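Notes to accompany the following structure.
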Amino acid sequence: YLGDKFALIDAPGAVSFAADGLSALEQADMAIVVVDPDPARAGLVEPTLKRIEALGLPHAIFVNKIDSAKGRIRDLLEALQPLSAAPLIARQIPIREGDAITGFVDLALERAFHYQSGKPSEQIAIPDALAERESSERFHMLEQLADHDDALLEQLLSDETPDIQTVFKDLVSETRAGLVVPVMFGSALNGFGVRRLLKMLRHEAPGASETATRLGTNGSSVQIFKIANGGSVGRLALARILGDGLAEGAELVSGDGEAVRVGALFSVQGDKTIKLSKAEPGDIVAIAKADNAKPGMLLGRQAHGDASIRLIDLPPRNASLAIATRDRKDDVRLSTALHKLVEEDPALDWGHDDVSHETVLRGINDEHLAVTLAKLKRRYGVEVDVHPPRIAYKESIRKGITQRGRHKKQSGGHGQFGDVVIEVRPLPRGEGFRFDDRITGGAIPKQWIPAVEMGVRDAMEKGPLGYPVVDVAVTLIDGSFHSVDSSELAFRIAGRIAMSEALPQCQPYLLEPMCHLVIDTPTGATSKASSTISSRRGQILGIGSHPSWQRWDRVEAIIPEAGLHGLDAELRSMSQGLASFTARYDHVAELSGKLADDVIKQAALAA
């Protein structure tokens, strides 16, 4: 635009896809936060503003859909200001004809413009009805700028009119320093206000060198911010060039000394790529064949001592699904596809659960996982069946017992013989498993005692209620052997028999995993969030103000893992999509009554 090249990264504001936005934000010279003109929806932008402020990134606000705005711009600014750490500076005021906004007055230039669909706005005289308001609003803008410029403040106190160069100098310096946040408006669909926004970016957005300083990079460097798979040119590492330019074949080094060779370079426009001979400083390019490159990696001409991977504070993964291919022949393709999807999206994770033997995919919320599954089918042709992951219930016992287990089998040649007597008793919660032996007089040769323990452990993998057994102590107290027929296998089977017969007599009971839950929510939704926790069998530990955000609360609770299913969607529905939570395993607690009966029935059906 006007001879300047811009690279625009469209980063979704929805929390479902926030990880991409966070990665992109760090590389940007400036962020444009797009908001609706409705003051009632202003609160939706607060988490985004907080993330941007935490990065120290200069930013501006663009009020979109201004042609359909019903309320006043000043009402929107009043709703937005408490959400921003820096003052919001209105750069424009609207020109209205009836209920419609048909143009704007630029307060810095003191010029009026009339929107023309598909064309640049037409300059017009400032309407007489707006002259007084324009003067008042411009003076307010200058007062805000004067908070950081003593010379300008002195001029205003002396009733002097600052020249336009002074005004723009302050706008540039204070915007780049993040001391103020410009607010502009328009309609992207009709092209209204977009050229004025680009002119603001042309003059007031920082350059690549200032971004490099903000990131703390030294000399020439390349910042990887995303991996893209599946295009016609294969795996691409999207990167920002800081410092010197970059050519194909260049040798780069990560912070920990790992060598990365640059393949072909491409410019990117959506899903289209154009091959480049070289990249200029400040460019955003796609690098092919940089197989070692990962998102967040900083590469330089030589080992630079910076952190190899910049850690981004990702939203918590609060949704998970167990997935299985419909055709077992696709298992290898599924693994390959999931590896590529997780490489592209750091908020995704997947793994194999050793207890349930399920492949579990984890993401930010249900919407995030739904989009991922759609990509899995569209890009890689892998169809999967999904269901909620099995909850890791366990069981324990209330009383102890002494039990004999004997395995005897004769089928020609050497037989099998193992005979053990064990004492089984409960342990305090969280003690796990303990095995001892009190064998005397060689009743069982020492080399076969470990096999008895293995057999006991085998029986504990699935107790009488259908779940792994914990917090149990077993002591081997007696037994017998046969000089010919006894073996390691025979004593392992005998140990399993003894434990399997003992456990149903020890008054087994069910344990369910409990999680420590932390909910961050706007204050207006706190009572609803608390009620939701209680309805899911949760116990409130405390409610207090958010440690960093005004008008927000933090609720802490203990809740069964089973109560987390669907919690994200419920919390967001009651908080305009703003509330979020983190949960971590805390302990196990006894589950009884009808709920326990239902869980035991589920285990029996799955057996």
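The values are calculated or read from the model by the stated rules, or taken from the named source; none is laboratory data. Keep in mind it's a predicted model, so treat the numbers as computed, not measured. Glycine also receives a Cβ, built like all others from the backbone with ideal geometry; neighbour counts cover every protein chain displayed. Side chains included, ligands, DNA and RNA excluded: accessible areas come from the protein's heavy atoms. Shrake-Rupley method; radii C 1.70, N 1.55, O 1.52, S 1.80 Å.
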Legend entry - Shape call, region 322-390: gyration tensor on alpha carbons, a/c limit 1.5: rounded
Inset, instruction - May I ask you to compute the full-extension gain from ALA131 to LEU605, defined as 0.36 nm times their residue separation minus their alpha-carbon distance, rounded to one decimal in nm? - result: 162.9 nm
Legend entry - Distance in nm between pseudo-label sites at HIS565 and THR582 (7 Å out along the Cβ direction from Cα): 2.6 nm
Inset, instruction - Place a label point 7 angstrom from the Cα of LEU153 along the Cα-to-Cβ direction, then list the residues of region 60-103 whose backbone nitrogen is under 16 Å away. - result: 87
Inset, instruction - Sort out for me the Cα centre separation of region 544-607 from region 315-370, rounded to whole Å. - result: 21 Å
Inset, instruction - Counting helices only, and only those DSSP H runs with n ≥ 4, report the 222 nm mean residue ellipticity of the chain as the sum of -39,500 (n - 2.57) divided by its residues, in deg cm²/dmol to the nearest 500. - result: -9000 deg cm²/dmol
Inset, instruction - Find how many whole Å separate the alpha carbon centroid of region 221-256 from the alpha carbon centroid of region 143-164. - result: 46 Å
Legend entry - Spherically averaged projected area of the chain from its Cα convex hull (nm²): 37.5 nm²
Legend entry - Apportionment of accessible area to carbon and sulfur, region 52-93, percent (1.4 Å): 54 percent
Inset, instruction - Could you please state, rounded to a whole Å, how far the C-alpha centre of region 514-538 is from the C-alpha centre of region 197-218? - result: 41 Å
Legend entry - Solvent-accessible heavy-atom area per residue, rounded to whole Å², over the chain at 1.4 Å: 49 Å²
Inset, instruction - State the answer as a single residue: which of PRO315, GLY441, SER84 lies farthest towards the positive end of the charge dipole of the chain, with beta carbon charges of +1 for Lys and Arg and -1 for Asp and Glu, about the Cα centre. - result: GLY441
Inset, instruction - Quantify, in whole percent, the carbon and sulfur part of the accessible surface of region 325-366 (1.4 Å probe; protein heavy atoms only). - result: 48 percent
Legend entry - Net charge dipole size for the chain [Lys, Arg +1 and Asp, Glu -1 on Cβ; Debye, nearest 20]: 2340 debye
Inset, instruction - Report ³J(HN,Hα) in whole Hz for each residue of region 105-118, in order, from the Karplus equation J = 6.51 cos²θ - 1.76 cosθ + 1.60 where θ = phi - 60°; Gly and Pro get x. - result: 10, 7, 6, 6, 7, 6, 10, 10, 9, 10, 5, 9, 4, x
Inset, instruction - May I ask you to compute the full-extension gain from GLU383 to ARG195, defined as 0.36 nm times their residue separation minus their alpha-carbon distance, rounded to one decimal in nm? - result: 63.2 nm
Inset, instruction - Net charge near LEU198: determine it from the other residues with C-beta under 13 Å of the C-beta of LEU198, scoring Lys and Arg +1 and Asp and Glu -1. - result: +3
Legend entry - Apportionment of accessible area to carbon and sulfur, region 456-607, percent (1.4 Å): 52 percent
Inset, instruction - Can you bin region 191-289 into rounded, prolate or oblate? Criterion: square roots of the alpha carbon gyration tensor eigenvalues sorted a ≥ b ≥ c, rounded for a/c under 1.5, prolate for a/b above b/c, oblate for the rest. - result: oblate
Legend entry - Kirkwood Rh (inverse of mean 1/r, distinct Cα pairs), region 55-108, angstrom: 12.6 Å
